[in-house]
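Colleague: This is the structure, below, for whatever I ask next.
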Amino acid sequence: MSTQFQGVIPPVITPRHADGSIDTASLKNVTKHLIDGGVSGLFVLGSSGEVPYLTNDERELVVSTIADANAGAVPLIVGANEQTTHRVIEEARKVVDLGADAIVVTSMYYAIGNASETETHFRSIHAAIDKPIFAYDVPVRTHFKLPTDLLVRLGRDGVIAGVKDSSGDDVSFRQLLLAAKDIPNFDIFTGHEVVVDGALLGGAQGVVPGLGNVDPAGYRRLFYAARAGDWTLAAREQDRLADVFEIVYTPNGRVSGGAAGLGAFKTALQVMGVIESNTMSSPMLSLNDAETAAIREILERNGLV
């Protein structure tokens with residue numbers, strides 16, 4: 001089927017200086033690192049970008065900094081992350097003005113609706129915003145799993161351009177791929193870093209991997225191997241990336257789950273010399289020297305440092 005977006009679109013991390021301020025120089029370095037790694041697009045203001053922790057001014061600074069560093073090289077898909085419909089529309093208009101080529105929208109959260117209200121939510125945003133809209137299925141954040149029939153209906157009606165699936169539900173993901181396979185220009189991405197080869201074999205158009213911040217070239221190789229039908233090579237690359245993903249387990253319960261995963265990505269990029277500091281958004285804790293040493297060992301055995 002024809003497609004608007006495909007390939008590897010990492011959710012860009014948000015580096016901070018040790019004092020907590022946004023590190024724009026490091027953010028530009030990350031953007032260059034991703035583009036040089038061969039990504040197909042950039043997902044800005046996602047969960048990996050710590051978007052719930054960013055002030056309005058910080059969100060605008062992040063989008064404008066990445067847009068400047070990207071300079072039109074790849075599409076910018078930007079999260080319009082707010083609790084309810086009108087707040088999402090307001091946020092979406094801001095990020096479009098800052099350079100978004102598409103937007104990513106969750107169902108409502110805090111004010112959690114049902115399927116009918118969620119459908120109205122997406123249709124209202126589509127009516128107000130003249131850019132492609134991706135539905136972000138992330139029930140761990142929203143406490144609402146987007147129903148497959150709703151996503152397919154919105155896709156057929158041209159309300160959404162696709163889905164970024166971070167549901168962790170591989171059964172519903174496969175059902176969505178099957179139900180949507182005949183919808184043109186409807187692109188489905190997995191957010192599962194370690195089962196990308198299976199998702200691509202099932203028909204997904206690409207991946208939005210947090211780990212792609214660390215090893216974008218690895219995900220690019222995986223994607224192109226899959227596209228060429230070389231599933232042995234794709235599985236081999238996926239196995240290597242699964243080993244790299246071990247970095248997220250180095251804190252071993254010392255910090256929150258979010259700080260462990262995002263902190264591991266930041267720490268890896270700091271070890272690789274891409275960013276200055278692994279500082280997390282307050283109140284999350286940053287990874288310590290022992291955890292950094294463990295991450296360095298994993299990066300070394302996978303040829304990343």
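The values are calculated or read from the model by the stated rules, or taken from the named source; none is laboratory data. Keep in mind that what you see is a predicted model, and the values were worked out from it rather than measured. Cβ coordinates were reconstructed from backbone atoms using ideal geometry, including for glycine residues, and neighbour counts include every protein chain displayed. Quick note on the areas: whole protein, heavy atoms, side chains included, nothing else; ligands and nucleic acids left out. Shrake-Rupley method; radii C 1.70, N 1.55, O 1.52, S 1.80 Å.
Colleague: Those residues that are open to solvent by less than 30 Å² (accessible area, probe 1.4 Å) and more than 20 Å from the chain's Cα centre (by Cα), I need them from segment 238-263; list them, please.
Modeller: Those that are open to solvent by less than 30 Å² (accessible area, probe 1.4 Å) and more than 20 Å from the chain's Cα centre (by Cα): P251, V255.
Colleague: Moving on to the next point. Between a residue in segment 136-149 that is open to solvent by less than 20 Å² (accessible area, probe 1.4 Å) and any residue that is at pLDDT 95 or above and among the acidic types (D, E), which pairs come within a Cβ distance under 8 Å, given they are 6 or more apart or on different chains?
Modeller: Pairs that qualify, where the first residue is open to solvent by less than 20 Å² (accessible area, probe 1.4 Å) and the partner is at pLDDT 95 or above and among the acidic types (D, E), are D137/D165; L146/D137.
Colleague: Within 16 Å of the chain's Cα centre (by Cα) and surrounded by 16 or more Cβ atoms within 10 Å (Cβ to Cβ): which single residue out of I133, I129, I125 fits that description?
Modeller: I133
Colleague: Just checking, which of F5, F43 is in a loop (DSSP other than H, G, I, E, B) and in contact with a strand residue (DSSP E or B) (Cβ under 7 Å, 6 or more places away or on another chain)?
Modeller: Result: F5 is the single residue among F5, F43 that is in a loop (DSSP other than H, G, I, E, B) and in contact with a strand residue (DSSP E or B) (Cβ under 7 Å, 6 or more places away or on another chain).
Colleague: With the requirement that a residue be open to solvent by 70 Å² or more (accessible area, probe 1.4 Å) and either assigned to a helix (DSSP H, G or I) or under 21 Å from G191 (Cβ atoms) (or both), what does segment 109-122 give you?
Modeller: Across segment 109-122, the qualifying residues are I112, S116, E117, T120.
Colleague: Looking at segment 20-42, can you tell me whether even one residue there is modelled with pLDDT of 95 or more, in contact with a Leu (Cβ under 8 Å, 6 or more places away or on another chain), hydrophobic (A, V, I, L, M, F, W, C) and under 17 Å from R93 (Cα atoms)?
Modeller: No, that holds for no residue.
Colleague: Please tell me if I275 is crowded, with 16+ Cβ neighbours inside 10 Å, β-branched (V, I, T) and touching a Leu at 6+ places or on another chain (Cβ under 6 Å).
Modeller: Answer is yes for this residue.
Colleague: If S281 satisfies all but one of (1) open to solvent by 10 Å² or more (accessible area, probe 1.4 Å); (2) in a loop (DSSP other than H, G, I, E, B), what's the number of the condition it fails?
Modeller: If we test S281 against (1) open to solvent by 10 Å² or more (accessible area, probe 1.4 Å); (2) in a loop (DSSP other than H, G, I, E, B), just (1) comes out false.
Colleague: Here is a follow-up. Please count how many residues of segment 285-300 are in a loop (DSSP other than H, G, I, E, B) and open to solvent by less than 70 Å² (accessible area, probe 1.4 Å).
Modeller: Matching residues across segment 285-300 total 3.
Colleague: Another question, if that's okay. Could you look through segment 171-199, keep only residues that are more than 21 Å from L34 (Cα to Cα) and small (G, A, S), and pick out the one that is surrounded by the most Cβ atoms within 10 Å (Cβ to Cβ)?
Modeller: Result: A199.
Colleague: Checking D23 against (1) open to solvent by 10 Å² or more (accessible area, probe 1.4 Å); (2) charged (D, E, K, R); (3) out of contact with any helix residue (DSSP H, G or I) (no Cβ under 8 Å at 6 or more places or on another chain): exactly one of these is not met. Which one?
Modeller: Going through the list (1) open to solvent by 10 Å² or more (accessible area, probe 1.4 Å); (2) charged (D, E, K, R); (3) out of contact with any helix residue (DSSP H, G or I) (no Cβ under 8 Å at 6 or more places or on another chain), D23 breaks only (1).
Colleague: Given the options G168, G72, name the one that is modelled with pLDDT of 95 or more, open to solvent by 20 Å² or more (accessible area, probe 1.4 Å) and in a loop (DSSP other than H, G, I, E, B).
Modeller: On inspection, the qualifying residue turns out to be G72.
Colleague: If I ask for residues that are assigned to a helix (DSSP H, G or I) and open to solvent by 10 Å² or more (accessible area, probe 1.4 Å), which ones from segment 200-224 would you list?
Modeller: L200, L201, A217, R220, R221, F223, Y224 - these are the residues of segment 200-224 that are assigned to a helix (DSSP H, G or I) and open to solvent by 10 Å² or more (accessible area, probe 1.4 Å).
Colleague: Looking only at segment 75-91, count how many residues are within 21 Å of I188 (Cβ to Cβ), in contact (Cβ under 8 Å) with a residue 40 or more places away in the chain and not in a loop (DSSP other than H, G, I, E, B).
Modeller: Counting residues in segment 75-91 that are within 21 Å of I188 (Cβ to Cβ), in contact (Cβ under 8 Å) with a residue 40 or more places away in the chain and not in a loop (DSSP other than H, G, I, E, B) gives 2.
Colleague: Let me ask something else. Would you be able to say whether some residue in segment 93-108 is without any contact (Cβ under 8 Å) to a residue 60 or more places away in the chain, touching a His at 6+ places or on another chain (Cβ under 8 Å) and either open to solvent by 40 Å² or more (accessible area, probe 1.4 Å) or of a type in the set (G, A, S) (or both)?
Modeller: Yes, there is a match, as at least one residue in segment 93-108 is without any contact (Cβ under 8 Å) to a residue 60 or more places away in the chain, touching a His at 6+ places or on another chain (Cβ under 8 Å) and either open to solvent by 40 Å² or more (accessible area, probe 1.4 Å) or of a type in the set (G, A, S) (or both).
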